[in-house]
Amino acid sequence: MCELLDKWMCGHLATLWESAPEIPLRDRLRRIIERAWPSVVLLGLGIALPMLPVFTGAEQAAQSVRITLIVAAIVAVATGGVNVAEQVSSSLDKHIPAANKSE
């Protein structure tokens, strides 16, 4: 590890690059999909959930859910640490019209 840091600090980036292990394409794709999947789900739900009948006549609540889930999708891409189920549940609890909530 110290050798790698020494190469980096001395500016021997070509040597450092050559000593890096080769990562197979399949592993790289798997990592990309694992990181992007929560964002895709949040984005899809941000588009689909406001179209549900529960938001009929509550355009402001529908827009709030849409914006919240799309922002969560962006944060998920940037950080990779957003729990989809908790985010959707939290968003719906805050924005679903009170008259349509089941008791």
Within region 18-28, can one find any residue that is at pLDDT below 85 and of a type in the set (S, T, N, Q)?
yes
In region 68-93, how many residues are farther than 13 Å from A36 by Cα and without any contact (Cβ under 8 Å) to a residue 12 or more places away in the chain?
6
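The values are calculated or read from the model by the stated rules, or taken from the named source; none is laboratory data. Owing to the predicted nature of the structure, the values given are computational and were not obtained by experimental measurement. Counting neighbours? That spans all protein chains shown, and the Cβs are built from the backbone with ideal geometry, glycine included.
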